[in-house]
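> After the structure tokens below, expect a handful of questions from me.
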Amino acid sequence: MHPLAQLDHAHVWHPFTQMRDWLKREPVVIVAGKGAVLRDVRGREYLDANSSIWTNLHGHHHSKINAAIQRQLKMIAHSSALGLANEPASLLAAKLVRAANPQSPTPINREHATKVGVRNPQLGKVFFSDDGSTALEVALKLAHEFTRRARSAGVSPASRAKVQPRFLSLEDAYHGDTVGAVSLGHIDLFHQNYSGLLFKTNRVMSPYCYRCPFNRAKPERADAREYRQCHWECVGLVEKKFARQKRKGNPFAAFVFEPLMQGAAGMVPQPAGWLRRVTEIARHHGALLIADEVMTGFGRTGVAAPGKVRSHRHANPRFHKRGYGAVLFACHHEDVQPDFLCLAKGLTGGYLPMAATLTTQKVFDAFLGEYGEFKTFFHGHSYTANQLGAAAALASLDILQGRKSIRARQNLEVVLRDELQTLWPLPNVGDIRRVGLMAGIELVRDWRTRRPFALRERAGIRVCEAMARRGVLTRPVGNVIVLMPPYCTTPAQARKMVRAVFDSVREVFDRR
């Protein structure tokens, strides 16, 4: 065993990992990377098929991001945001605000939006933190206190203390590992052991078309969203949930969601129109919208509308007018503008831990007051607005908004879409779900019955281990194989990723 692997076994505790299994074999020890390729300590090369856990946008060792960090290092690496401002964080906040406020709703939807009372708030304030969990924690605390203050205005202190805002999120939601973020989550495997630490939140049905009890369609060799047969019962349940909570006299303060695709739930995509429908319901009932775009942000959901690939000249013109040639955030594919936009993972291009929570002037104003009123937002992090992270993020945004990157993402989306079709002949592939440059392949015992593997059988893990032997690295979500390549991935590399899935599925299940 390599000395570095020995040190890892001796001292490192890995996240979401059964360490007894980990200690049975020599781990892959990564020492270098370039583009979509990683190299381990023994000189073996692998394709990074999940962008280093969904973070790396433009590839490893990117010259422009490297240069931005090096320039910043010549000045200062970090200074506190408590009582001080800095240059790159100020520039980044302004740039994020511009990117997060496209003209919306589009002309085709304006009349409809007016009828249902949809509003599209301007996101003008940015609170920096460290990762996806803290981005959600910030949004949760802000929404909680904003709602509490709004509902307790003009009432007695005793009545004010009784105001307890409630939150609604989706079944199988995952929003991070801090206590507030865990409270919003509903995956028992991750969250049940910590139930004694959590505050209660409500859940509502997720639109998981492949396993939806309301979907009357028999299994086909296609994405379940394409052949589903239902009457939007999942949307009706959202309406009932909001109405029931309102009758209790304590309407939901906020609706929390991952737009277009739930990641840790098993790469569960939402059918077109679902997001707009349920957010209209939430708005109608006075709830704030908290969009968790930690995974879906920064172009992951595609340049064009979900499920479609268009040429650059046909990219959404309202983004193009503002200098953005592509949609950067998943919400905007359905003309949904949240009150809180939570960003992390790809914010720095996968280089450094940094997160941002964007919100409105109205929320910001609720925390203004005289010093002695103590209306301050009492929350912060030592590395908030870190200069190195902000410099990397500025460079990443410049790359994202360039024509070269836009074309590369469009081309990669076409290749990924077409290559995934080659997996349908495999009897253990039940559903293939893709939104933009994110894909999930659900493994089942037999596609005709949708019968799942038990988690203890490690079906997804065994397939990913076989993929690693073929030079492709990714990590499953239960029985779902995740493909989320860096945007610099070449067509040949994308084909190799999908072929590794094909060959590995055959290898693992042909032995049974």
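Where a number appears in this text, it was derived from the coordinates with a stated rule and is not lab data. Values in this document were obtained by computation on a predicted structure and should not be read as measured data. Note that we place each Cβ from the backbone using ideal geometry, even for glycine, and neighbour counts take in every protein chain shown.
> For segment 1-80, I need the span (max minus min coordinate) of the C-alpha atoms along each principal axis, in Å, sorted largest to smallest.
Taking the Cα atoms of segment 1-80, the three principal extents are 44, 32, 24 Å.
> If you don't mind, there's one more thing I want to ask. Give me the percent of DSSP beta bridges within the chain that run antiparallel, rounded to the nearest 5.
For the chain, the DSSP antiparallel bridge percentage is about 70.
> Once the Cβ-Cβ distance between E373 and D510 is put in as r, and R0 is 56 Å, what FRET efficiency do you end up with, to the nearest 0.05?
Approximately 0.25, to the nearest 0.05.
> Could you rank the peptides 372-384, 235-247 by their average count of other C-beta atoms within 10 Å per residue, with the highest value first?
Ranked from most to least packed, the peptides come out as 235-247, 372-384.
> Kindly put F128, F199 in sequence by how many other C-beta atoms sit within 10 Å of each C-beta, fewest to most.
Ordered by Cβ neighbours within 10 Å, fewest first: F199, F128.
> Here's another thing I want to ask about it. Stretched out fully, how many nm does the piece from R499 to E26 gain, at 0.36 nm a residue minus the Cα gap?
Taking 0.36 nm per residue and subtracting the Cα distance, the gain is 167.8 nm.
> Please work out the FRET efficiency for the pair M1 and Q164, using the Cβ-Cβ distance as r and a Förster radius of 51 Å; give the result to the nearest 0.05.
Calculated value: 0.45.
> Among 358-364, 504-510, how do they line up from the highest to the lowest mean number of other beta-carbon atoms within 10 Å?
Ranking the peptides 358-364, 504-510 by packing returns 358-364, 504-510.
> For the chain, what is the mean residue ellipticity at 222 nm derived from helices alone (per DSSP H run of n ≥ 4: -39500 (n - 2.57); sum divided by total residues; nearest 500 deg cm²/dmol)?
-11000 deg cm²/dmol
> Cross-link list K404/K496; K200/K248; K218/K246; K95/K496; K162/K241; K345/K404: which exceed 26 angstrom alpha carbon to alpha carbon?
The answer is K218/K246; K95/K496.
> Among rounded, prolate and oblate, which fits segment 186-246 when a ≥ b ≥ c are the square roots of the eigenvalues of its C-alpha gyration tensor, a/c under 1.5 means rounded, and a/b larger than b/c means prolate?
oblate
> Ranked highest first by the average count of other Cβ atoms within 10 Å around their residues, in what order do 252-260, 20-28, 327-335 fall?
Order by mean packing, descending: 252-260, 327-335, 20-28.
> Still on this structure: Percentage of Cα-Cα pair distances in segment 338-451 greater than 22 Å, rounded to whole percent?
61 percent
> Taking the Cα centre of the chain as the origin, how large is its charge dipole in debye, to the nearest 20, when only Lys and Arg (+1) and Asp and Glu (-1) carry charge on their Cβ atoms?
1060 debye
> Then there's this: Ranking V29, V477, V268 by Cβ neighbours within 10 Å, fewest first, what do you get?
Ordered from fewest to most neighbouring Cβ atoms within 10 Å, V29, V477, V268 come out as V29, V477, V268.
> Now a separate question. Evaluated at 25 °C with a viscosity of 0.890 mPa s, what Stokes-Einstein diffusion coefficient in µm²/s does the chain have when Rh comes from the Kirkwood expression over alpha-carbon pairs?
Translational D for this selection: 103 µm²/s.
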